[in-house]
Amino acid sequence: MIFSDVLHSRAINTIRFLSADAVQQAKSGHPGLPMGAAAMAYVLWMRHLRYNPRNPNWPGRDRFVLSGGHGSMLLYSLLYLTGYDLALDELKNFRQWGSKTPGHPEYGLTPGVESTTGPLGQGFGNGVGMAIAIKHLAAHFNKPGHELIDQIVYAIVTDGDLMEGVSSEAASLAGHLRLSNLIYLYDDNRISIDGSTDLAFTEERKTRFEAYGWHVIQVEDGNNLDEVDDALSLAKEDPRPSLIICRTQIGYGLPTLQGTAKAHGEPPGEEELAGAKVKLGWPLTPRFFVPDEILAHFRQAMDKGRQLEVDWENRFSAYCAAYPELGTELKRRISRKLPVGWDQNLPMFPPDEKGLATRASSGKVLNSLASKIPDDWRFCRSNTLHQDLDR
Ligand SMILES: Cc1ncc(C[n+]2csc(CCOP(=O)(O)OP(=O)(O)O)c2C)c(N)n1
Ligand SMILES: [Mg+2]
């Protein structure tokens, strides 16, 4: 499949204009991110991300986090187009009371949303946690010839995410742990809410992440599908977490607002939106236009996803046949049930004059739980450390 042909640019424009139309219709929202990052998201969702729209909770899936949650229409457009249980009417009801399309994505409300995002930096940190959990499972369960746990966590992160302190802490840990299953696309549009990042955010982001031990790739043009595609392929091969810095234009296509902070967080206006449609060769009407062949193209994700899930389930069955005990244990963890007897022999603390620090008693309880609940060893280890520091 040649990547820069008409089909792909029409597919990407469908994402852009579904998003911009929804913001314009709601008279509120953020058109800039979806219009600027549509191409990188498209490559990720059509070429790399493993998911099944008909079963958003399939355990073998990769995870996608839109850390810049203000760009939620990008995610909703993708969910609708690829065939998740999110109707076009929900996009038309963007930001309306009772809709499944709130201004910022909410986990548990909208099928396919893996993490609640909006507070910048939060999705970045959540993704690191997900990648740790996957690595933990892989270390415990994978066996030679049975690499069942191989999920990758992808995210789109923004200037605001990188500005927030939490991203530094999380990135440091991700580098330290060499989370090769963590791949972040950075929407390097050099614009934030108040204007150019020249105003307040001029640090060397490439060397910053290299210093954390990340693998950093620079994509000169975030609209160049082959460049993004190659970068994602390289990232998957690297033993470190990867940051793919994609140079983009916020509000791509908007005749006067592209590349400006005015494209960040307000409806473009009818005239500007129409101007973008003319510029990118899109029909002015109807609003929320989805060409049939483009919907069919996106909906291939459903067959592909079904097949991916069937393949994974077959691998899981083979695993359970080869390692029945581990298979049962993995099923228990996936079902989120606690092991039988998890609460037996918990320490008791009789009243005492001096009183025991709750930090110390909680440590004892957690260590007791940890010996019976293997899922959380990292947590119990850090608590032991806490006790050591306390001495
Ligand atoms: C922790 C936090 N502080 C402030 C905000 C308010 N806010 C929303 S978007 C944004 C800046 C967005 O800049 P960027 O992340 O580069 O997104 P872009 O403008 O490129 O879409 C801010 C400060 C927030 N969402 N979270
Ligand atoms: Mg930005």
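Please treat every number below as a calculation from the coordinates, not as lab data. Being a predicted model, the structure only gives us computed values, none of them experimental. Counting neighbours? That spans all protein chains shown, and the Cβs are built from the backbone with ideal geometry, glycine included.
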query: Hey, in the GNM for the chain with a 10 angstrom Cα cutoff, which one of Ala322, Ala20, Ala276 fluctuates hardest?
result: Ala322
task: Using only the alpha carbons, work out the radius of gyration and Dmax of segment 282-329 in angstrom.
output: 19.9, 60
message: Over all directions, the average projected area of the alpha-carbon convex hull for segment 85-163 comes to how many nm²?
response: 7.1
Diffusion constant of segment 164-205 at 10 °C, which comes from Stokes-Einstein with the Kirkwood Cα-pair radius and 1.306 mPa s, µm²/s: 130
- request: Find the all-direction average of the projected area of the Cα convex hull for segment 187-294, expressing the result in square nanometres with one decimal place.
  value: 8.9
field: the chain - convex hull of alpha carbons, volume per residue in Å³
entry: 171
17 Å Cα-Cα reach of Lys236 towards lysines, excluding residues that sit fewer than 8 places from it in its own chain: Lys135
task: May I ask for the equivalent-ellipsoid semi-axes of segment 50-125, computed as the square root of five times each C-alpha gyration tensor eigenvalue and listed largest first in whole Å?
output: 18, 17, 9
- prompt: Per residue, what volume in Å³ does the convex hull of the Cα atoms of segment 14-140 enclose?
  reply: 99
query: Can you list the aspartates and glutamates whose alpha carbon is less than 19 Å from that of Lys331, not counting same-chain residues fewer than 8 positions off?
result: Asp62, Glu147, Asp150, Glu309, Asp311, Glu313, Asp375, Asp376
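Write down the Kirkwood hydrodynamic radius of segment 309-359, to one decimal in angstroms, obtained as one divided by the mean of 1/r over all alpha carbon pairs.
Numbers: mean 1/r = 0.0685 Å⁻¹.
Its Kirkwood hydrodynamic radius stands at 14.6 Å.
Computed over the Cα atoms, what is the radius of gyration of segment 197-241 divided by 2.2 N^0.38 Å, N being its residue count? Kindly include the intermediate steps, with their values, before the conclusion.
On the way: Rg = 12.5 Å, N = 45, 2.2 N^0.38 = 9.3 Å.
That ratio works out to 1.34.
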- line: Taking the convex hull of the alpha-carbon atoms of segment 235-283 and averaging its shadow over every direction gives an area in square nanometres of 5.2
task: Using a/c under 1.5 as the rounded threshold, could you call segment 245-359 rounded, prolate or oblate? The axes a ≥ b ≥ c are square roots of the C-alpha gyration tensor eigenvalues, and prolate needs a/b larger than b/c, oblate otherwise.
output: oblate
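By average Cβ neighbour count within 10 Å, what is the ranking of 44-54, 203-213, 227-237 from highest down? It would help to have the intermediate numbers written out before the result.
On the way: 44-54: 20.3, 203-213: 15.0, 227-237: 17.9.
Top of the packing list down: 44-54, 227-237, 203-213.
Please work out the Kirkwood hydrodynamic radius for segment 30-74, using every pair of different C-alpha atoms, and report it in angstroms with one decimal place. The partial results should precede the final answer.
Values: mean 1/r = 0.0863 Å⁻¹.
One decimal place: 11.6 Å for the Kirkwood radius.
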- line: For Met35, Met163, ascending order of other Cβ atoms within 10 Å (fewest first) is Met163, Met35
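Determine by what factor the alpha-carbon radius of gyration of segment 64-221 differs from 2.2 N^0.38 Å, reporting the quotient.
On the way: Rg = 17.0 Å, N = 158, 2.2 N^0.38 = 15.1 Å.
Normalised Rg, Cα atoms only: 1.13.
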field: Ranked His140, His104, criterion: other C-beta atoms within 10 Å, fewest first
entry: His140, His104
